[in-house]
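Here is the structure we will look at, set down as structure tokens.
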């Protein structure tokens, strides 16, 4: 830990190794992806001499290599994350009634405020749009019963009252909620259908990401291949458990990282060719028991534009290869 003399706040020091997927990236871009902080936050740290390699401060345009081991003095976390109502133009409401609201989350939006995150949040966007949400749970997580990563698009349900919050939280704990994702993974899955049963917890050396570890929390992912393209597989994935980064960690552990997921070892050349700047992962279907009516409800989300564009590039490449 490092003491910040300006405000007597201890600041966390992280040691970060650079994965292959970020080899020769600019340090500001690489750390923004790895740590989930905005580029401007990383640039401020660099300009203050708080990002070093072999004890030498780096410039924001310096390049990183896979053998680099960087030391970063993280920005001071606020006493508590603060919920700010911020309108989100492309936050689409799929369903809304007196008990729940189902939204289609765009990329670049966090589920709720957290230390170090300064961007928009789902809950802030929902409140800014005038919707009521449950006040259960931590103040900054009002109504949030499950989360999607910042870079993941697709369906999320939010509770609008206390009964709905308790009911939905219990459904997620009981694993009765159906959560289906589509993902584009590097390589061709063999077998084409299966179950990944591998425990997950914080990475033993790099706490900004997660890993398969022997004493981790039970984590189960079911998958089947929908289509094969050159060098990648389109997968349908159903989660039995809901660990942080579960899909990303499990497929990285199988040496099939998600396209665009540099944090977990993706090849940046594939992402660039497919014009994708985030993990190719979309929450496609969501099914649960409505907490008010007691009936099963199901929702479906189309791919957003960037994911559709990647598939169009792949399909076009296949056509050219077959001619």
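The values are calculated or read from the model by the stated rules, or taken from the named source; none is laboratory data. All values derive from a computational prediction rather than experimental measurement. A quick note on method: Cβ atoms are made from the backbone with ideal geometry, for glycine too, and the neighbour counts reach across all protein chains shown.
Below is a table of values for the structure above.
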read-out: Residue check for residue 257: crowded, with 23+ Cβ neighbours inside 10 Å, modelled with pLDDT of 95 or more and touching a strand residue (DSSP E or B) at 6+ places or on another chain (Cβ under 8 Å); value: yes
read-out: From the options 145, 150, residue that is in contact with a helix residue (DSSP H, G or I) (Cβ under 8 Å, 6 or more places away or on another chain) and within 27 Å of residue 100 (Cα to Cα); value: 145
read-out: First in segment 181-209 and loosely packed, with under 13 Cβ neighbours inside 10 Å, second anywhere and not in a loop (DSSP other than H, G, I, E, B), Cβ under 6 Å, 6 or more apart; value: 193/224; 195/222
read-out: Residue 263 vs. criteria modelled with pLDDT under 95, in a helix (DSSP H, G or I) and surrounded by 21 or more Cβ atoms within 10 Å (Cβ to Cβ); value: yes
read-out: Hey, residue 108 in contact (Cβ under 8 Å) with a residue 24 or more places away in the chain and either farther than 18 Å from residue 242 by Cα or in the same structural domain as residue 291 (by TED's automatic domain parsing) (or both) or not; value: yes
read-out: Out of 312, 302, 238, 227, sole residue that is at negative phi, surrounded by fewer than 17 Cβ atoms within 10 Å (Cβ to Cβ) and in a helix (DSSP H, G or I); value: 312
read-out: Residue in segment 293-301 that is within 21 Å of residue 192 (Cβ to Cβ) and at pLDDT 95 or above present; value: no
read-out: Count of segment 258-275 residues which are without any contact (Cβ under 8 Å) to a residue 40 or more places away in the chain and within 8 Å of residue 186 (Cβ to Cβ); value: 0
read-out: Odd one out for residue 216, checked against (1) free of Cβ contacts under 8 Å to residues at least 40 places away in the same chain; (2) touching a helix residue (DSSP H, G or I) at 6+ places or on another chain (Cβ under 6 Å); value: (2)
read-out: Looking only at segment 108-131, and only at residues there that are under 22 Å from residue 177 (Cβ atoms) and assigned to a loop (DSSP other than H, G, I, E, B), the one that is modelled with the lowest pLDDT; value: 112
read-out: Segment 27-40, residues that are outside any loop (DSSP other than H, G, I, E, B) and closer than 21 Å to residue 257 by Cβ; value: 29, 30, 31, 32, 33, 34, 35
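This table checks each residue for (1) modelled with pLDDT under 85; (2) within 30 Å of residue 293 (Cβ to Cβ); (3) exposed (fewer than 15 other Cβ atoms within 10 Å of the Cβ).
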| position | (1), (2), (3) |
| --- | --- |
| 7 | yes, no, yes |
| 11 | yes, no, no |
| 21 | yes, no, no |
| 30 | no, no, no |
| 33 | yes, no, no |
| 58 | no, no, no |
| 64 | no, no, no |
| 76 | yes, no, no |
| 92 | no, yes, yes |
